[in-house]
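Notes follow the structure.
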Amino acid sequence: MFEACVADGGTEERCAQQAREALDACIAENCEEPNPPTCEDGCASAARELYEMCVDAGCDEDRCAKIAREAVAECEEKYCTPEPPTCEDKCGRLAERVFDACTDTLDDEDLCGKIARHIQAHCNEFCDNQECCCDHRCDDEDTDSDSDTDSDSDTDSDSDSDSDTDSDSDTDKNPKPPKDDCDVEHSQRGMCE
């Protein structure tokens, strides 16, 4: 483009300006930055500038290198913190721990893998709404047992001794899960959040 412009009688300065504008337009329309710099790249670039300024000021190169390394570490710690793990990441780590614990106990990697995959799939089901995997089960059972108890007390209000007996037998028919089972599951809540 530059050569054609000059051949047509344009000045070198004007033709160079037109060529730069055409190149900039072409890049803007057709080229993407291949790999945008990462946060770590930015910290490293700033540290290189700091190192060069330090050396240019007449300081010892080893001391400047140490200052630059410290600046990189501080910059990365302050500005380049990783994203917190997703719910799916937590479920994956839970499945890995289940697999490891299982293979420590059983000598069957296929079975342990199947168990771990099931645990992960079940945990992942709850990632969208961020609820603990067992909240709905424990809450449903608590609600059912409360309504059974309420209806029994209304029906058997004419006899205190019958009420006690009926209430005990209803508990035997529909046992409530041990409180500590739900507590154990709720303690794992962090795996699903």
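Bear in mind these aren't lab numbers, they're just calculated from the coordinates by the rules spelled out. Small disclaimer: the values here were computed from a predicted structure and weren't measured. Counting neighbours? That spans all protein chains shown, and the Cβs are built from the backbone with ideal geometry, glycine included.
Here is how the numbers come out for the structure above:
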{"read-out": "Residues whose placed amide H lies under 5 Å from that of F126, excluding near-sequence neighbours", "value": "none"}
{"read-out": "Nearest-20 debye value, the stretch 1-65 charge dipole, Cβ charges on Lys, Arg, Asp, Glu", "value": "100 debye"}
{"read-out": "For the stretch 41-81, size of Cβ-based charge dipole, Lys and Arg +1, Asp and Glu -1, in debye", "value": "80 debye"}
{"read-out": "Additional length obtainable on full extension of the chain from C59 to A19, 0.36 nm per residue less Cα span", "value": "10.0 nm"}
{"read-out": "Separation in nanometres of the label points that stand 7 Å from Cα toward Cβ, at T86 and T105", "value": "3.0 nm"}
